[in-house]
Amino acid sequence: MKEVTSGIYQLELPLPVTGLKYVNTYLVKGDNGYLLIDTGWNTREAFDSMERQMAEIDISFKDISQIAVSHIHPDHYGLAGRIKQLSQARLFIHHLEENLIEPRYINMGGLLAQLEHWLHVNGVITDELPQLQGASLGMERFVASALPDTRLYGNEVISSGLFSFQVIWTPGHSPGHICLYEPARKILVSGDHILPTITPNIGLHPQSSGNPLGDYLNSINEIKELDVDLVLPGHENPFNDLPSRIEQLI
């Protein structure tokens with residue numbers, strides 16, 4: 001764990017099956033408990049790593065009073081249900097992401113049927129269709145699901161008392177992806193929307209909008225207008241010079 005700026009701690013949690021070594025979660029100090037931003041995968045290694053890192057600043061899961069999830073991919077949402085149960089924290093998720101939880105992680109039959117049709121009409125040959133249809137099966141074991149206590153739409157404020165984050169809806173990587181912006185401190189928690197050296201995956205699939213790349217470009221240009229000194233991304237290291245990184249991504 002490291003304190004990236006006064007009152008905000010970065011936790012690096014191990015990833016089990018991706019090319020990236022870890023996902024970042026952030027603990028934000030507050031007047032009445034901590035705000036946790038993103039949660040990591042639901043694995044023993046990630047859970048134990050978070051517990052060890054929190055012990056470095058003498059806090060436990062019971063000290064977390066709020067959880068904000070940037071989007072419901074397993075590396076950002078996977079431990080949400082488990083941590084919520086331990087902490088009794090209030091959970092914030094964008095309403096478009098909430099709509100993806102049940103079909104993706106709980107009752108997947110409808111999504112698999114939809115995906116089979118979607119792959120077929122887009123030209124996937126019959127022999128390859130079953131493998132592609134089931135490519136994401138098994139991801140549900142990395143997710144302890146929980147529904148939000150507060151559904152987000154954009155423009156809300158999530159406050160820890162010491163920090164007040166504006167919710168910015170940033171679709172593209174996921175339909176209900178959000179970034180959190182602290183204007184007084186000029187801090188942006190960017191999730192997977194803006195990463196320092198790699199390009200976020202912007203994919204077309206049955207649960208995306210009709211034009212996710214257009215959504216991404218629109219929302220990344222909106223972020224470009226913010227006054228930001230420090231970006232806290234979902235992967236790799238915190239960085240500065242947000243406008244230059246956005247130009248590279250575009």
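Rule-based calculations on the coordinates, nothing more; no lab input. All figures in this text were calculated on a predicted structure; none of them were measured in a lab. Don't worry about glycine lacking a Cβ; one is built from the backbone with ideal geometry, like all the others, and counts go over all protein chains shown.
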Original post:
the stretch 52-106: which GluC sites (Glu not before Pro) are DSSP loop and have at most 12 other beta-carbon atoms within 10 angstrom?
Top reply: E56
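Translational D (Stokes-Einstein, µm²/s) of the stretch 76-207 at 25 °C and 0.890 mPa s when Rh comes from the Kirkwood sum over C-alpha pairs?
For these conditions, the coefficient is 146 µm²/s.
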**OP:** Have a look at the DSSP beta bridges in the stretch 116-250 and tell me what percent are antiparallel, nearest 5.
**Re:** 75 percent
**OP:** Would you mind counting up the charge near P196? Only other residues with Cβ under 11 Å from its Cβ, with Lys and Arg at +1 and Asp and Glu at -1.
**Re:** -1
**OP:** Looking at the chain, send over the antiparallel percent of its DSSP beta bridges, to the nearest 5.
**Re:** 65 percent
Subject >> Net charge of neighbours whose Cβ lies under 13 Å from the Cβ of K2, counting Lys and Arg as +1 and Asp and Glu as -1 >> reply: -3
Subject >> Listed residue (N32, V121, P74) projecting farthest to the positive dipole end of the stretch 1-148, Cβ model >> reply: N32
**OP:** Considering only N218, N240, N122, give the residue with the highest GNM mean-square fluctuation for the chain, with springs between Cα atoms whenever their separation is below 10 Å.
**Re:** N122
Original post:
To the nearest 10 degrees, how steeply does helix 212-224 sit against the main Cα axis of the chain, on a 0 to 90 scale?
Top reply: 20 degrees
Original post:
Along its principal axes, what span do the Cα atoms of the chain show, with the longest given first and each in whole Å?
Top reply: 56, 39, 31
Subject >> Assigned charges on the beta-carbon of Lys, Arg, Asp, Glu; the chain dipole about Cα centre (debye) >> reply: 340 debye
Original post:
Using a Gaussian network model of the chain with C-alpha springs under 10 Å, which one of G78, G40, G210 is most mobile by mean-square fluctuation?
Top reply: G210
**OP:** Would you mind getting me the FRET efficiency between H120 and K62? Use the beta-carbon distance for r and R0 = 45 Å, nearest 0.05.
**Re:** 0.35
**OP:** Please give the helix 44-55 orientation as an angle from the longest Cα principal axis of the chain, in degrees from 0 to 90, rounded to the nearest 10.
**Re:** 10 degrees
